[in-house]
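**Student:** Below you'll find the structure I mean.
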Amino acid sequence: MSFAWKVGVTVVLFAICAVAAVILIVSLLGTPPVVDYSAGASGQPVNVTLQAVGAIGSGNHPDWVSYLVETPQGQWVHTTVFQVPQHTRINFTIYNYDSGSPLRNQQLGQVTGTYGNVALLNGHPFRVINSNAGNGVAHTFTIPELGVSVPLYANNGNANLCGAAPCTTSSPHKIIRFSITSPGPGDYRWQCFVPCGLGWLFGNGGPMGQLGYMGGFMKVVA
Ligand SMILES: [Cu+2]
């Protein structure tokens with residue numbers, strides 16, 4: 001084998017290794033961790049707790065809006081993927097720390113697909129939020145495949161809002177609660193339908209298009 005061949009083969013092998021390493025790193029970074037609420041499930045209702053923040057405050061995109069998920073042990077994880085048992089009552093609690101705006105589509109102000117088609121805002125039942133009044137809507141929690149959608153009433157944008165996650169209840173917040181019944185096993189995509197990707201085309205890029213920020217999966221297991 002000539003010297004030129006050796007160099008050529010070495011360069012090609014190195015390039016292949018470099019590409020493989022980049023693919024591995026990107027795939028690892030691009031897969032948010034799973035918070036598991038299904039371990040030890042015994043048919044009893046399962047409590048899922050999320051928070052929505054105006055800025056995640058760390059990582060590659062510190063100024064992006066994001067959801068976080070709280071583990072059953074009470075630790076906040078920057079992810080939007082969680083796992084629940086099948087055919088079980090799932091009680092959601094979402095802490096919203098973000099400000100909002102009027103909705104472009106008022107349909108998204110409605111609560112759908114929950115027990116009684118109702119949700120609680122700081123303990124008070126509601127079926128719809130008029131986003132043209134008050135603080136508007138910050139985000140929605142929507143599982144299109146299940147017809148579930150709940151708007152998150154916003155905080156006053158002039159308040160001293162939490163600037164980095166995980167936020168605590170010492171910052172202004174709204175508490176939204178609702179329940180659904182989990183379906184059979186599968187991965188159910190959920191996302192926010194408020195175009196909250198500030199600075200992106202029509203608000204639909206950035207955090208709206210990346211797992212771990214404004215969309216994720218509810219994994220349902222047997
Ligand atoms: Cu959003």
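**Student:** Could we say that S179 is within 20 Å of G100 (Cβ to Cβ), in contact with a Phe, Trp or Tyr (Cβ under 7 Å, 6 or more places away or on another chain) and assigned by TED's automatic domain parsing to the domain that holds A52 here?
**Tutor:** Considered against the rule, which asks whether it is within 20 Å of G100 (Cβ to Cβ), in contact with a Phe, Trp or Tyr (Cβ under 7 Å, 6 or more places away or on another chain) and assigned by TED's automatic domain parsing to the domain that holds A52, S179 comes out as no.
**Student:** Considering (1) in contact with a Leu (Cβ under 8 Å, 6 or more places away or on another chain); (2) more than 20 Å from S179 (Cβ to Cβ), say which one S101 fails and leave the rest.
**Tutor:** (1) is the only condition that S101 fails.
**Student:** Now a separate question. Just give me the residues in region 31-41 being touching a strand residue (DSSP E or B) at 6+ places or on another chain (Cβ under 9 Å) and surrounded by fewer than 12 Cβ atoms within 10 Å (Cβ to Cβ), in sequence order.
**Tutor:** Filtering region 31-41 down to residues touching a strand residue (DSSP E or B) at 6+ places or on another chain (Cβ under 9 Å) leaves 31-39, 41.
Listed by number, the list holds a single entry, A39.
Here is a yes/no grid of residues against (1) assigned by TED's automatic domain parsing to the domain that holds F202; (2) closer than 23 Å to G205 by Cα; (3) free of Cβ contacts under 8 Å to residues at least 60 places away in the same chain:
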residue: L68; (1), (2), (3): yes, yes, no
residue: T71; (1), (2), (3): yes, no, yes
residue: G113; (1), (2), (3): yes, no, no
residue: N117; (1), (2), (3): yes, no, yes
residue: V128; (1), (2), (3): yes, no, yes
residue: S131; (1), (2), (3): yes, yes, yes
residue: N135; (1), (2), (3): yes, no, yes
residue: P151; (1), (2), (3): yes, yes, yes
residue: N158; (1), (2), (3): yes, no, yes
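**Student:** Here is a list: G123, G113. Which entry is of a type outside the set (K, R) and either within 23 Å of G54 (Cβ to Cβ) or loosely packed, with under 12 Cβ neighbours inside 10 Å (or both)? Let's see the steps before the verdict.
**Tutor:** On the way: G113 fails: either within 23 Å of G54 (Cβ to Cβ) or loosely packed, with under 12 Cβ neighbours inside 10 Å (or both).
It is G123.
**Student:** Within region 131-189, how many residues turn out to be small (G, A, S), more than 17 Å from Q110 (Cα to Cα) and within 16 Å of the ligand (Cβ to nearest atom)? Break it down stepwise before answering.
**Tutor:** In the first step, residues of region 131-189 are kept if they are small (G, A, S); the result is 131, 133-134, 136, 138, 147, 149, 154, 157, 159, 163-165, 170-171, 179, 182, 184, 186.
After this cut, where a residue has to be more than 17 Å from Q110 (Cα to Cα) as well, the list is 157, 159, 163-165, 170-171, 182, 184, 186.
Still in the running and within 16 Å of the ligand (Cβ to nearest atom): 157, 165.
Number satisfying all stated conditions: 2.
**Student:** The conditions are (1) surrounded by 18 or more Cβ atoms within 10 Å (Cβ to Cβ); (2) within 15 Å of the ligand (Cβ to nearest atom); (3) under 15 Å from G100 (Cα atoms), and Y213 fails exactly one of them. Which is it?
**Tutor:** Y213 satisfies all of (1) surrounded by 18 or more Cβ atoms within 10 Å (Cβ to Cβ); (2) within 15 Å of the ligand (Cβ to nearest atom); (3) under 15 Å from G100 (Cα atoms) except (3).
**Student:** Got a number for residues in region 41-79 being closer than 24 Å to I90 by Cβ and within 16 Å of the ligand (Cβ to nearest atom)? I'd like the intermediate steps shown before the answer.
**Tutor:** Of the residues in region 41-79, the ones closer than 24 Å to I90 by Cβ are 41-53, 65-79.
The next check asks that each one be within 16 Å of the ligand (Cβ to nearest atom); those that pass are 50-53, 65-69, 78-79.
So the count comes out to 11.
**Student:** Kindly indicate whether F193 is within 16 Å of the ligand (Cβ to nearest atom), assigned by TED's automatic domain parsing to the domain that holds N91 and buried (at least 18 other Cβ atoms within 10 Å of the Cβ).
**Tutor:** Numbers: within 16 Å of the ligand (Cβ to nearest atom): yes; assigned by TED's automatic domain parsing to the domain that holds N91: yes; buried (at least 18 other Cβ atoms within 10 Å of the Cβ): yes.
Criteria met by F193.
**Student:** Something else now. With the structure loaded, tell me whether I94 is within 13 Å of the ligand (Cβ to nearest atom), in a loop (DSSP other than H, G, I, E, B) and either in contact with a Gly (Cβ under 8 Å, 6 or more places away or on another chain) or of a type outside the set (S, T, N, Q) (or both) or whether it fails that test.
**Tutor:** So I94 does not fit the description; no.
**Student:** Given the options Q73, Q83, name the one that is outside any helix (DSSP H, G or I), at pLDDT 95 or above and surrounded by 13 or more Cβ atoms within 10 Å (Cβ to Cβ). Before the answer, list the steps.
**Tutor:** Details: Q73 fails: surrounded by 13 or more Cβ atoms within 10 Å (Cβ to Cβ).
The conditions single out Q83.
**Student:** Which one of these is closer than 19 Å to C196 by Cβ and within 18 Å of the chain's Cα centre (by Cα): L152, L146? Steps first, please.
**Tutor:** On the way: L146 fails: closer than 19 Å to C196 by Cβ.
Answer to the selection: L152.
The values are calculated or read from the model by the stated rules, or taken from the named source; none is laboratory data. Keep in mind that what you see is a predicted model, and the values were worked out from it rather than measured. When we count neighbours, we look across all protein chains shown, and the Cβ atoms used for this are built from the backbone with ideal geometry, even at glycine.
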